[in-house]
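Okay, so here's the structure we're looking at.
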Amino acid sequence: MKLQRLLLVLLLTVGSVMADSTVDAEYRLKAAYLYNFAKFVEWPTNTLATETSPIVIAVFGDNPFGASLDQAVNGRTANGHPVTVRYAHRPAELEGAHLVFLSRNVRTEILNQLAGKSVLTVGESDGFLPAGGMIQFVIAENRVRFAIAEPAAQQAGLKISSQLLALAVPEKGAS
């Protein structure tokens, strides 16, 4: 049921994006994915202070989303928690974030600073998963898709829904 709901939400919200579509459409889809990732990941109980604490999505580096990420989460919740967005340019600004999107201009060394923390890391640069990232956006079959490195998420204490795992392309597709 949740898998069908996720697919329906993604299809109705933004539809499929072809590889030759505008960047804006690509990042509107990626923004919708980020919001849905927050809904299908379980953080350790001590990560969110209260049942109403927000889930914080941080964009580290350049903001390729424009206003689309803010629009995707505006007034929405994930597992009963409000979702907020923060834009960061220094590692210290990532404190308290639950999901961190690393833009293409960010070197993957930042993943070392997030290691051991219950932070879902999402990126789009080549080699993101082998460098320790958890979810990497890829273009597969002319669509924006994602690959998941589940062991990296498990090491951070995160549980990714089997329904989300089923939608991922094989990790080899992330290269």
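Looking at region 144-152, can you tell me whether even one residue there is crowded, with 18+ Cβ neighbours inside 10 Å, among the hydrophobic types (A, V, I, L, M, F, W, C) and out of contact with any strand residue (DSSP E or B) (no Cβ under 7 Å at 6 or more places or on another chain)?
Yes, the conditions are met somewhere in region 144-152.
Among (1) farther than 22 Å from ASP24 by Cα; (2) under 12 Å from the mean Cα position of the chain (by Cα); (3) among the polar types (S, T, N, Q), where does ASN36 come up short?
Unmet condition: (1).
Give the residues of region 32-54 that are of a type in the set (A, V, I, L, M, F, W, C), out of contact with any strand residue (DSSP E or B) (no Cβ under 7 Å at 6 or more places or on another chain) and farther than 21 Å from SER162 by Cα, sorted by residue number.
ALA49 - this is the single residue of region 32-54 that is of a type in the set (A, V, I, L, M, F, W, C), out of contact with any strand residue (DSSP E or B) (no Cβ under 7 Å at 6 or more places or on another chain) and farther than 21 Å from SER162 by Cα.
Can you say whether GLY133 is part of a loop (DSSP other than H, G, I, E, B), surrounded by fewer than 14 Cβ atoms within 10 Å (Cβ to Cβ) and small (Gly, Ala, Ser), as far as the supplied structure shows? Spell out how you get there, then give the answer.
Numbers: part of a loop (DSSP other than H, G, I, E, B): yes; surrounded by fewer than 14 Cβ atoms within 10 Å (Cβ to Cβ): no; small (Gly, Ala, Ser): yes.
No.
Would you point out the residue of region 105-123, among those that are in contact (Cβ under 8 Å) with a residue 60 or more places away in the chain and of a type outside the set (S, T, N, Q), that is nearest to LEU158 (Cα to Cα)?
LEU120
For every residue, the table says whether it meets (1) modelled with pLDDT of 95 or more; (2) under 19 Å from LEU120 (Cα atoms); (3) among the hydroxyl-bearing types (Ser, Thr, Tyr); (4) touching a Pro at 6+ places or on another chain (Cβ under 6 Å).
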{"site": "LEU3", "(1), (2), (3), (4)": "no, no, no, no"}
{"site": "LEU8", "(1), (2), (3), (4)": "no, no, no, no"}
{"site": "ASP20", "(1), (2), (3), (4)": "no, no, no, no"}
{"site": "ASP24", "(1), (2), (3), (4)": "no, no, no, no"}
{"site": "ALA31", "(1), (2), (3), (4)": "yes, yes, no, no"}
{"site": "ALA38", "(1), (2), (3), (4)": "yes, yes, no, no"}
{"site": "ALA49", "(1), (2), (3), (4)": "no, yes, no, no"}
{"site": "ASP62", "(1), (2), (3), (4)": "no, yes, no, no"}
{"site": "GLY66", "(1), (2), (3), (4)": "no, no, no, no"}
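Identify all residues within region 124-143 that are touching a residue at least 40 places away in the same chain (Cβ under 8 Å) and of a type in the set (Asp, Glu); write none if there are none.
GLU124, ASP126
How many of the residues in region 97-114 are of a type outside the set (Val, Ile, Thr), at pLDDT below 90 and surrounded by 12 or more Cβ atoms within 10 Å (Cβ to Cβ)? Write out each step before concluding.
Taking region 97-114 as the starting set, the residues that turn out to be of a type outside the set (Val, Ile, Thr) are 97-99, 101-105, 107, 109, 111-114.
Going one step further and asking which of them are at pLDDT below 90, we end up with 104-105, 107, 109.
Of the ones still in play, those that are also surrounded by 12 or more Cβ atoms within 10 Å (Cβ to Cβ) are 104.
Of the residues in that region, 1 qualify.
Results for (1) out of contact with any Gly (no Cβ under 8 Å at 6 or more places or on another chain); (2) free of Cβ contacts under 8 Å to residues at least 24 places away in the same chain; (3) among the hydrophobic types (A, V, I, L, M, F, W, C), shown as yes or no for each residue.
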| site | (1), (2), (3) |
| --- | --- |
| GLY75 | yes, yes, no |
| ALA78 | yes, no, yes |
| ALA92 | yes, yes, yes |
| LEU99 | yes, no, yes |
| SER103 | no, no, no |
| ARG145 | no, no, no |
| GLN163 | yes, no, no |
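So SER53 fits all but one of (1) more than 21 Å from ILE135 (Cα to Cα); (2) free of Cβ contacts under 8 Å to residues at least 24 places away in the same chain; what number is the exception?
Every listed condition holds for SER53 apart from (2).
The values are calculated or read from the model by the stated rules, or taken from the named source; none is laboratory data. Since this is a predicted model, take the numbers as computed values, not measurements. Note: ideal-geometry Cβ built from the backbone for every residue, glycine included; neighbour counts use all protein chains shown.
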